[in-house]
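Below is one structure, written out as structure tokens; the observations come after it.
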Number of protein chains: 2
Amino acid sequence: MDTTPNSLEDAANLVKVPQPTIERLSAYLQCVRGMRADGVPTASSTEIAQRTGINAAQFRKDLSYFGEFGTPGLGYDVADLEAHLSRIMGLDARHDVLLVGAGNLGSALLSYPGFPERGFHIVAAFDSEPQRVGQVLNGCTIYHIDDLAKVNSALNAQVGVIAVPRVAAQETVDKLVAAGVQAILNFAPVTILVRPGIVVRNVDLTSQLEVLSYYLSAQ
Amino acid sequence: MDTTPNSLEDAANLVKVPQPTIERLSAYLQCVRGMRADGVPTASSTEIAQRTGINAAQFRKDLSYFGEFGTPGLGYDVADLEAHLSRIMGLDARHDVLLVGAGNLGSALLSYPGFPERGFHIVAAFDSEPQRVGQVLNGCTIYHIDDLAKVNSALNAQVGVIAVPRVAAQETVDKLVAAGVQAILNFAPVTILVRPGIVVRNVDLTSQLEVLSYYLSAQ
């Protein structure tokens, strides 16, 4: 496998990378960001494993999808690894995000510091409640949901976040896709359907608690 | 492997079940709940795979950690499978939950319908802001964070949810653990440390967007 930086994305496209690997890449990236913030110049896979809780062999296997990193005996240059992981994840560009649903959860997401800090900017919010439309929350205007396509024809955002009640989720997805959105983060606890080529991640907050429940009962 | 219902938990304890399997069990459970709501009496693993997006072989492998389910040629009795999955996940009992942080995100979680619908009841909330302490949100009293141990000595909740700013996250964890909490869902975008025996799940909302970003850039 060619290991020059420019071939990383090509390499990723040649092999279907398992989704859990992609999810762990985000954890590794968080880890090396923390190391760089702490002034750590280099790290072994064991040190990275200690911080992430993901074992070192898994880490090396996950990275191997994208080329060769690190120097045997010296470990990984932390700044280099951060840059590589950012490129692999497509995080070297800013991402504009549309938020649909400006209730409790939507308002929380509008003020969530982790989004803009890591390059995700909510550039417009949408709601169907007349009393919310026209308000500005955290610098972001709330438009009527019926204006989604019109607003996004100017903004051209590719990422949508759904924070609407579950009954409105599928309709919201369809409107986002019609407006040109290609990737959707869905907080509504319901399965939504999209055509091939559109990527959806469902954030089911209750299933996170169900996983904890398993470990409580298995103890 | 013994397949009587009473041995399911024992079987789970004999083998270390991979965490991704536990996460998928929650997806299967959601799927069979939906099937039962739709009046579907039995389902094949292929039908379940179509609904979950997780392939049928993976589904059968995941279930195999917990015994034998289903009847060859007839598939799975949906109500039976739901009951088994609920038992495996420890969801046949109610879970009381403490919420720390009653800001935007905490308020959203207090009104998130998915929690009580699936057996997770936020029985007390905590905050350090004097103007929030004493308020009642969605039927739940907000106490001062310093009263956490005292309040939980009466409630005896084992699950904690952290929705505080990242700088306060580790301190909050320590207080929850000192108050007897054994499982923690952490929304603060920071790694927290706990002693062995305490289970933590970090919900890093930005990493969900980073995973979407990967798929956008890989297209």
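Restricting to segment B:119-162, count the residues that are over 17 Å from B:V194 (Cβ atoms) and surrounded by 16 or more Cβ atoms within 10 Å (Cβ to Cβ). Full working, then the answer.
Filtering segment B:119-162 down to residues over 17 Å from B:V194 (Cβ atoms) leaves B:119-147, B:150-151, B:153-156.
Cutting the leftovers down to surrounded by 16 or more Cβ atoms within 10 Å (Cβ to Cβ) gives us B:119-120, B:122-128, B:132-133, B:137, B:140, B:142-145, B:151.
The qualifying residues number 18.
For the list (1) under 27 Å from A:D92 (Cα atoms); (2) free of Cβ contacts under 8 Å to residues at least 24 places away in the same chain; (3) of a type in the set (V, I, T), I need the number of the one condition that A:V123 fails.
Of (1) under 27 Å from A:D92 (Cα atoms); (2) free of Cβ contacts under 8 Å to residues at least 24 places away in the same chain; (3) of a type in the set (V, I, T), only one is false for A:V123: (2).
Quick check on segment A:56-87: of everything there that is of a type in the set (S, T, Y) and within 14 Å of chain B (Cβ to nearest Cβ), which residue is nearest to A:V181 (Cα to Cα)?
Residues of segment A:56-87 of a type in the set (S, T, Y): A:64-65, A:71, A:76, A:86.
Next cut, within 14 Å of chain B (Cβ to nearest Cβ) only: A:65, A:86.
Details: A:Y65: 28, A:S86: 22 Å.
Across segment A:56-87, the extreme among qualifying residues is A:S86.
Within segment B:140-166, take every residue that is aliphatic (A, V, I, L, M) and away from chain A (no Cβ under 13 Å) and give me the one that is nearest to A:E210 (Cα to Cα). Give the derivation first.
Of the residues in segment B:140-166, the ones aliphatic (A, V, I, L, M) are B:142, B:145, B:148-149, B:151, B:154-155, B:157, B:159, B:161-164.
Next cut, away from chain A (no Cβ under 13 Å) only: B:142, B:145, B:148-149, B:151, B:154-155.
Numbers: B:I142: 24, B:I145: 25, B:L148: 23, B:A149: 24, B:V151: 24, B:A154: 24, B:L155: 20 Å.
Ranking the candidates gives B:L155 first.
Out of segment A:17-61, which residues are under 17 Å from the mean Cα position of the chain (by Cα) and of a type in the set (K, R)?
Residues satisfying the conditions are A:R24, A:R33.
I need the full set of residues from segment B:163-192 which are surrounded by fewer than 20 Cβ atoms within 10 Å (Cβ to Cβ) and either part of a strand (DSSP E or B) or at pLDDT below 90 (or both), in order please.
B:P165, B:R166, B:V190, B:T191, B:I192
Does B:V78 count as crowded, with 18+ Cβ neighbours inside 10 Å and not assigned by TED's automatic domain parsing to the domain that holds B:D146?
On the way: crowded, with 18+ Cβ neighbours inside 10 Å: yes; not assigned by TED's automatic domain parsing to the domain that holds B:D146: yes.
Judged against the criteria, B:V78 is a match.
Within segment B:193-213, take every residue that is in a strand (DSSP E or B) and without any contact (Cβ under 8 Å) to a residue 24 or more places away in the chain and give me the one that is farthest from the other protein chains (Cβ to nearest Cβ). First the steps, then the outcome.
Applying the first criterion (in a strand (DSSP E or B)) to segment B:193-213 yields B:199-202.
So of that shortlist, the ones also without any contact (Cβ under 8 Å) to a residue 24 or more places away in the chain come out as B:199, B:201-202.
Working: B:V199: 4, B:R201: 5, B:N202: 9 Å.
In this case the residue turns out to be B:N202.
Report, by residue number, each residue of segment B:29-49 that is within 11 Å of chain A (Cβ to nearest Cβ) and under 21 Å from A:V194 (Cβ atoms).
Result: B:Q30, B:C31, B:G34.
Of all residues in segment B:88-118, which are within 9 Å of chain A (Cβ to nearest Cβ), buried (at least 18 other Cβ atoms within 10 Å of the Cβ) and in contact (Cβ under 8 Å) with a residue 40 or more places away in the chain?
B:I88, B:M89, B:L91, B:H95, B:V97, B:L105, B:G106, B:L109 - these are the residues of segment B:88-118 that are within 9 Å of chain A (Cβ to nearest Cβ), buried (at least 18 other Cβ atoms within 10 Å of the Cβ) and in contact (Cβ under 8 Å) with a residue 40 or more places away in the chain.
Which members of segment A:8-30 meet the condition of being at pLDDT 85 or above and not in a helix (DSSP H, G or I)?
A:V17
Does A:A157 count as touching a residue at least 60 places away in the same chain (Cβ under 8 Å) and touching a strand residue (DSSP E or B) at 6+ places or on another chain (Cβ under 8 Å)? Steps first, answer last, please.
Details: touching a residue at least 60 places away in the same chain (Cβ under 8 Å): yes; touching a strand residue (DSSP E or B) at 6+ places or on another chain (Cβ under 8 Å): yes.
Considered against the rule, which asks whether it is touching a residue at least 60 places away in the same chain (Cβ under 8 Å) and touching a strand residue (DSSP E or B) at 6+ places or on another chain (Cβ under 8 Å), A:A157 comes out as yes.
So, B:R195, is that one modelled with pLDDT under 95, farther than 30 Å from A:G160 by Cβ and either surrounded by 17 or more Cβ atoms within 10 Å (Cβ to Cβ) or out of contact with any Ser or Thr (no Cβ under 8 Å at 6 or more places or on another chain) (or both) or not? Lay out the reasoning, then the answer.
Details: modelled with pLDDT under 95: yes; farther than 30 Å from A:G160 by Cβ: yes; either surrounded by 17 or more Cβ atoms within 10 Å (Cβ to Cβ) or out of contact with any Ser or Thr (no Cβ under 8 Å at 6 or more places or on another chain) (or both): yes.
Yes, satisfied.
Which ranges mark the helices (runs of 4 or more DSSP H) fully within segment B:48-139 that have 3 or more residues being of a type in the set (D, E, K, R) and at pLDDT 90 or above?
Values: elements: B:56-64, B:78-88, B:104-110, B:114-117.
Output list reads B:56-64, B:78-88.
Is segment A:167-179 home to any residue that is among the basic types (K, R) and facing chain B (nearest Cβ under 8 Å)? Lay out the reasoning, then the answer.
Filtering segment A:167-179 down to residues among the basic types (K, R) leaves A:175.
Remaining after also requiring facing chain B (nearest Cβ under 8 Å): none.
Within segment A:167-179, not a single residue is among the basic types (K, R) and facing chain B (nearest Cβ under 8 Å).
The values are calculated or read from the model by the stated rules, or taken from the named source; none is laboratory data. In this text the structure is predicted, and so the values were computed from the model without any measurement. A quick note on method: Cβ atoms are made from the backbone with ideal geometry, for glycine too, and the neighbour counts reach across all protein chains shown.
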